Amino acid sequence: MPQAINLIVFPVKDIGRAKTLYANLLGVQPYMDAAYYVGFRLGDQEIGLHPNGHAEGMTGPLGYCQVDDIEQRLKHLLDAGAQVQQGVKDVGGGKRTAIVRDADGNAIGLLESP
């Protein structure tokens with residue numbers, strides 16, 4: 001089954017200011033508004049704001065591909081030459097993420113939701 005990149009996370013330094021800007025840009029209020037993450041939903045697309053992203057090595061927006069089995073997909077990507085940037089991590093609510101880099105250094109996020 002084809003997968004889509006349906007989550008894009010932006011590292012931000014001032015979560016309050018970024019939340020206001022993105023709410024105005026997107027025309028919706030966040031569905032999740034916490035000190036560690038602010039998320040906006042637009043149909044099947046999610047835009048996230050991560051206030052600790054820069055400290056975790058994010059240099060720009062990161063797209064996440066929704067997957068059914070994160071360990072299996074991670075293994076397939078590693079077998080295809082990807083390198084782990086962040087192993088599988090529980091981010092709350094049953095969601096798990098991982099980040100790999102392709103041969104050109106581009107970051108690719110994986111997201112498994114319950």
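Among the strands (runs of 3 or more DSSP E) lying completely within segment 5-100, list those that include at least 1 residues that are among the small types (Gly, Ala, Ser). First the steps, then the outcome.
Values: elements: 5-11, 32-34, 37-42, 45-50, 62-66, 83-92.
In segment 5-100, the matching strands (runs of 3 or more DSSP E) lie at 32-34, 37-42, 45-50, 62-66, 83-92.
Could you please let me know if GLY93 is exposed (fewer than 11 other Cβ atoms within 10 Å of the Cβ) and at positive phi? Let's see the steps before the verdict.
Working: exposed (fewer than 11 other Cβ atoms within 10 Å of the Cβ): yes; at positive phi: yes.
Yes, satisfied.
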LEU42 within 14 Å of ILE5 (Cα to Cα), out of contact with any strand residue (DSSP E or B) (no Cβ under 8 Å at 6 or more places or on another chain) and not aromatic (Phe, Trp, Tyr): yes
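Does GLN72 meet the test of being over 28 Å from THR20 (Cα atoms) and without any contact (Cβ under 8 Å) to a residue 12 or more places away in the chain?
Values: over 28 Å from THR20 (Cα atoms): yes; without any contact (Cβ under 8 Å) to a residue 12 or more places away in the chain: yes.
The answer is yes for GLN72.
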Cβ contacts < 9 Å: first residue charged (D, E, K, R), restricted to segment 50-68; second residue modelled with pLDDT under 95 and assigned to a loop (DSSP other than H, G, I, E, B), any location; separation 6+ or different chain. Result? ASP68/MET1; ASP68/GLN3
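To keep it simple, each residue is scored yes or no on (1) within 11 Å of the chain's Cα centre (by Cα); (2) of a type in the set (D, E, K, R); (3) at pLDDT 95 or above.
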| position | (1), (2), (3) |
| --- | --- |
| VAL9 | yes, no, yes |
| ARG17 | no, yes, yes |
| TYR36 | no, no, no |
| LEU49 | yes, no, yes |
| GLY53 | yes, no, no |
| LYS75 | no, yes, yes |
| GLN85 | no, no, no |
| GLY105 | no, no, no |
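The values are calculated or read from the model by the stated rules, or taken from the named source; none is laboratory data. Because the structure is a prediction, the values reported are computed rather than measured. For neighbour counting, all protein chains shown are included, and Cβ atoms are generated from backbone atoms with ideal geometry for every residue, glycine included.
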